[in-house]
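K.L.:
What follows is a structure written as structure tokens; I'll ask about it next.
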Amino acid sequence: ISACGDHVKNPDNELPSGAVDVPKAGDALQPGRTLVGGWAVDDSAILEIRVYFDGRFKASTSLTVPRPDVAKALPRYARRGDIHGWNALIDFGMAAGPHTILIQAVDDSGATRDIGVIPVTVPQ
């Protein structure tokens, strides 16, 4: 184990895993608040979910939504109950055209993985 910055690099630490349920790739989003949501798991704990829009940080959230389907499909991670889901209402301040939403899951050791890259559009 070696120290780097504020986090300890542990070769046994797994990267988080997860998926984005909404929005779907290709969705047409309307200006205003957009629901973004999905699930994430980790061998230790998910610290936060980060949401980016066109390469710019917009918000972070945490796991707060019961997802018994995830706990059933991935029983290895079910020891913390079935709270594996996350949701956020985000105002992306969108201009018309194509955009990209990027979602990252971050574990309690700082390991970060992109769990969704969603191309969306905003109609004129």
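The values are calculated or read from the model by the stated rules, or taken from the named source; none is laboratory data. On a predicted model such as this, the values are computed, not experimentally measured, just so you know. Every residue, glycine as well, gets a Cβ built from its backbone with ideal geometry; the counts of neighbours run over all protein chains shown. With ligands, DNA and RNA removed, areas are computed over all heavy atoms of the protein, side chains included. Shrake-Rupley method; radii C 1.70, N 1.55, O 1.52, S 1.80 Å.
K.L.:
Hey, does the stretch 109-122 have a residue that's free of Cβ contacts under 8 Å to residues at least 60 places away in the same chain, farther than 11 Å from V51 by Cα and buried (at least 18 other Cβ atoms within 10 Å of the Cβ)? It would help to see each step written out before you state the result.
P.N.:
Kept after step one, since they are free of Cβ contacts under 8 Å to residues at least 60 places away in the same chain, are these residues of the stretch 109-122: 114, 117.
Among the residues that remain, those that are also farther than 11 Å from V51 by Cα are: none.
No - not one qualifying residue is present in the stretch 109-122.
K.L.:
Any residue that is part of a loop (DSSP other than H, G, I, E, B) and either among the small types (G, A, S) or in contact with a His (Cβ under 7 Å, 6 or more places away or on another chain) (or both) - is there at least one of those in the stretch 102-109?
P.N.:
The first filter runs over the stretch 102-109 and keeps only residues part of a loop (DSSP other than H, G, I, E, B), leaving 108-109.
Narrowing further to those that are either among the small types (G, A, S) or in contact with a His (Cβ under 7 Å, 6 or more places away or on another chain) (or both): 109.
The answer is yes, given that some residue of the stretch 102-109 is part of a loop (DSSP other than H, G, I, E, B) and either among the small types (G, A, S) or in contact with a His (Cβ under 7 Å, 6 or more places away or on another chain) (or both).
K.L.:
Look through the stretch 32-61, keep the residues that are touching an Asp or Glu at 6+ places or on another chain (Cβ under 6 Å) and surrounded by fewer than 21 Cβ atoms within 10 Å (Cβ to Cβ), and return whichever of them is nearest to S17 (Cα to Cα).
P.N.:
D43
K.L.:
Could you tell me how many of the residues in the stretch 87-102 are more than 13 Å from P31 (Cβ to Cβ) and among the aromatic types (F, W, Y)?
P.N.:
Taking the stretch 87-102 first, the residues more than 13 Å from P31 (Cβ to Cβ) are 87-89, 98, 100-102.
From the residues that got through so far, the ones that are among the aromatic types (F, W, Y) too are none.
The number of residues fulfilling the criteria is 0.
K.L.:
For the stretch 78-101, name all the residues that are open to solvent by less than 30 Å² (accessible area, probe 1.4 Å), part of a loop (DSSP other than H, G, I, E, B) and in contact with a Lys or Arg (Cβ under 8 Å, 6 or more places away or on another chain). Spell out the reasoning first.
P.N.:
So the first thing to find is which residues in the stretch 78-101 are open to solvent by less than 30 Å² (accessible area, probe 1.4 Å), and the list is 84-86, 88, 90, 92, 94, 97, 99, 101.
Applying the additional criterion that residues be part of a loop (DSSP other than H, G, I, E, B) yields 92, 94.
Selection gives F92 alone.
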